[in-house]
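Read the structure below first, then the notes.
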Amino acid sequence: MHFYLTAFALFPHLLNFAYGLSVRASKTTAPPISYGMVLYPNFEPADVFGPLDIFGLLSSDYRMRLSLIAATLDPVSTKPTVMNLSGSDFGESIVPTHTFSTPPEDIEVLFVPGGGGTRSDAFIGPAIGFVGRMYPKLKYLITVCNGATIGARSGVLDGRRATTSKRDWAWVSSWPRF
């Protein structure tokens, strides 16, 4: 049997394995349909495109919808602007489909990537407010690496167990609400 034939049955386990979520698996558990990805300048490409690659594979067998959400509809670049010691001008850009002020209301799963941009209040300020507003409506909030900072600063991780990268633990956990 091929993976794509068993993706539905494996979906809860995939979420559990990949993101440490507690998901009850059953034959009647339907996978979420509406996914959102938070974007901000200097996000980590692997934190965005890695999950999107896996869920893109699942989308060929299951109805899924993706929204790329940022402060504006302008392309969002991964170019390092924070902690750019070499002065590099290298990175990708991605075009959002929605803004933080006009997101789809039915998002079930929201991904929040990490990256150098988490170190800039100007870059992540709008994302912090957005995550805080969306959280009560979500089935799953998935922060990747130091994207946990955005969750912590929005208050949605208050009193919850969470993790981030080892290198960033002291910085991320220094936020009073984490």
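Rolling a 1.4 angstrom probe over the protein chains, ignoring ligands and nucleic acids, what is the accessible area of Phe49 in square angstrom, nearest 10?
About 80 Å², rounded to the nearest 10.
Considering only protein heavy atoms and a 1.4 Å probe, what is the carbon-and-sulfur percentage of the accessible area of the range 41-166?
Working: 3510 of 6260 Å².
Summing carbon and sulfur atoms, their accessible area is 56 percent of the total for the range 41-166.
Tell me the relative contact order for the range 50-119 as a rounded percent, counting alpha carbon contacts under 8 Å between residues six or more apart.
Working: 68 pairs, mean separation 23.2, N = 70.
Answer for the range 50-119 is 33 percent.
The range 52-130: which trypsin sites (Lys or Arg not before Pro) are DSSP loop and have at most 12 other beta-carbon atoms within 10 angstrom? Show your work: numbers first, answer last.
Values: sites: Arg63, Arg65, Arg119; in loops: Arg63.
Sparse-neighbourhood loop trypsin sites (Lys or Arg not before Pro): Arg63.
Calculate the spin-label point distance for Thr102 paired with Lys79, positioning each point 7 Å from the Cα along the beta-carbon direction, and give it in nanometres.
Result: 2.6 nm between the two label points.
Under 8 Å for C-alpha pairs, at least 6 residues apart: give me the relative contact order for the range 57-178, rounded to a whole percent.
20 percent
So, by mean Cβ neighbours within 10 angstrom, what's the order for 52-58, 94-100 with the highest one leading?
Values: 52-58: 14.4, 94-100: 16.7.
Going by the mean number of other Cβ atoms within 10 Å, highest first, we get 94-100, 52-58.
Can you give me the Rg/Rh ratio for the range 78-178, using Cα atoms for both radii and the Kirkwood formula for Rh? Walk me through the numbers on the way to the answer.
Working: Rg = 14.1 Å, Rh = 14.5 Å.
Radius of gyration over Kirkwood radius for the range 78-178 works out to 0.97.
The values are calculated or read from the model by the stated rules, or taken from the named source; none is laboratory data. Just so we're clear, the structure is a prediction, and the values are computed from it rather than from any experiment. Cβ atoms come from the backbone with ideal geometry, glycine included; neighbour counts cover every protein chain shown. To get the accessible areas, we keep the full protein, side chains included, count just its heavy atoms, and leave off ligands, DNA and RNA. Shrake-Rupley method; radii C 1.70, N 1.55, O 1.52, S 1.80 Å.
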